1. Look at the stretch 58-91 and say how many of its residues are within 16 Å of the ligand (Cβ to nearest atom) and over 22 Å from GLN139 (Cα atoms).
2. In the stretch 68-98, which residues are open to solvent by 20 Å² or more (accessible area, probe 1.4 Å) and in contact with a Leu (Cβ under 7 Å, 6 or more places away or on another chain)?
3. Could you tell me which residue of the stretch 99-135 is least open to solvent (accessible area, probe 1.4 Å), considering only residues that are more than 12 Å from the ligand (Cβ to nearest atom) and assigned to a helix (DSSP H, G or I)?
4. Please verify whether the stretch 48-67 includes one or more residues that are of a type in the set (Val, Ile, Thr) and either open to solvent by 60 Å² or more (accessible area, probe 1.4 Å) or part of a loop (DSSP other than H, G, I, E, B) (or both).
5. Starting from the stretch 35-57, keep only residues that are within 20 Å of LYS85 (Cβ to Cβ), then list their pairs with residues that are open to solvent by 10 Å² or more (accessible area, probe 1.4 Å) and of a type in the set (Asp, Glu) whose Cβ atoms are within a distance under 7 Å, requiring at least 6 positions of separation or different chains.
6. Hey, TYR7 hits all of (1) assigned to a loop (DSSP other than H, G, I, E, B); (2) within 11 Å of the chain's Cα centre (by Cα) but one; which does it fall short on?
7. I want to confirm something. Restricting to the stretch 8-25 and keeping residues that are within 19 Å of GLN138 (Cα to Cα) and out of contact with any Leu (no Cβ under 7 Å at 6 or more places or on another chain), which single residue is least open to solvent (accessible area, probe 1.4 Å)?
Amino acid sequence: MSLDGTYDDGNIFARILRGEMPAARVFEDEHVFAFMDVFPQSKGHTLVIPKHSRARNLLEEEPQVLSELVLGVQRVARAVRAALKPDGIVITQFNGAPAGQTVYHLHVHIIPRWEGVPVGRHAGGQMADAEELKALAQQIAAQIT
Ligand code: 5GP
């Protein structure tokens, strides 16, 4: 999928938002939903998505939704830091398949990094254990302020 296209209601994140697919929930408010990436590039890899949006990427998003999304990302990233004590945190976002995007509901990656620990492959590594993800999600959720 390129930068142009129509929003697909059947995309995996839309299904997670509708409760049709499970996810390890970290945080949720009226604007955003945060959950663990099931193919984590590092321990604690978290995704934040707008709840009320049909934007496939950042370029299509409404300013107000984008503002709330960034605030949500900061809030969750602070909780990731408090919970897991990483040395650094990558906050990233892909627009269009050639850029690496694989799911077409706008989302932001929070990827904690530790000195000397290589980051995993994007959207293609090993699927994480559901119970481990749940435990990490709880650990991060406990640090949300
Ligand atoms: P993108 O490639 O679009 O930037 O990111 C999509 C992300 O969603 C990838 O990091 C991928 O690992 C993750 N992902 C794909 N399918 C699922 C799923 O069913 N559940 C969760 N929690 N993450 C998913």
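1. Counting residues in the stretch 58-91 that are within 16 Å of the ligand (Cβ to nearest atom) and over 22 Å from GLN139 (Cα atoms) gives 4.
2. GLN93, ASN95
3. In the first step, residues of the stretch 99-135 are kept if they are more than 12 Å from the ligand (Cβ to nearest atom); the result is 112-118, 129, 131-132, 135.
With assigned to a helix (DSSP H, G or I) added as a condition, the list becomes 131-132, 135.
Numbers: GLU131: 123, GLU132: 121, ALA135: 53 Å².
Of everything passing the filter in the stretch 99-135, ALA135 is least open to solvent (accessible area, probe 1.4 Å).
4. no
5. HIS45/ASP37; THR46/ASP37
6. Failing condition for TYR7: (2).
7. At the first step, the residues of the stretch 8-25 found to be within 19 Å of GLN138 (Cα to Cα) are 16-17, 19, 21-25.
Narrowing the set further to residues that are out of contact with any Leu (no Cβ under 7 Å at 6 or more places or on another chain) leaves 16-17, 19, 21-23, 25.
Working: ILE16: 22, LEU17: 57, GLY19: 61, MET21: 65, PRO22: 113, ALA23: 46, ARG25: 133 Å².
The extreme case among them is ILE16.
The values are calculated or read from the model by the stated rules, or taken from the named source; none is laboratory data. Just so you know, these numbers come straight off a predicted model, no measurement behind them. Counting neighbours? That spans all protein chains shown, and the Cβs are built from the backbone with ideal geometry, glycine included. The area values use the complete protein model at the heavy-atom level, side chains included, leaving out ligands, DNA and RNA. Shrake-Rupley method; radii C 1.70, N 1.55, O 1.52, S 1.80 Å.
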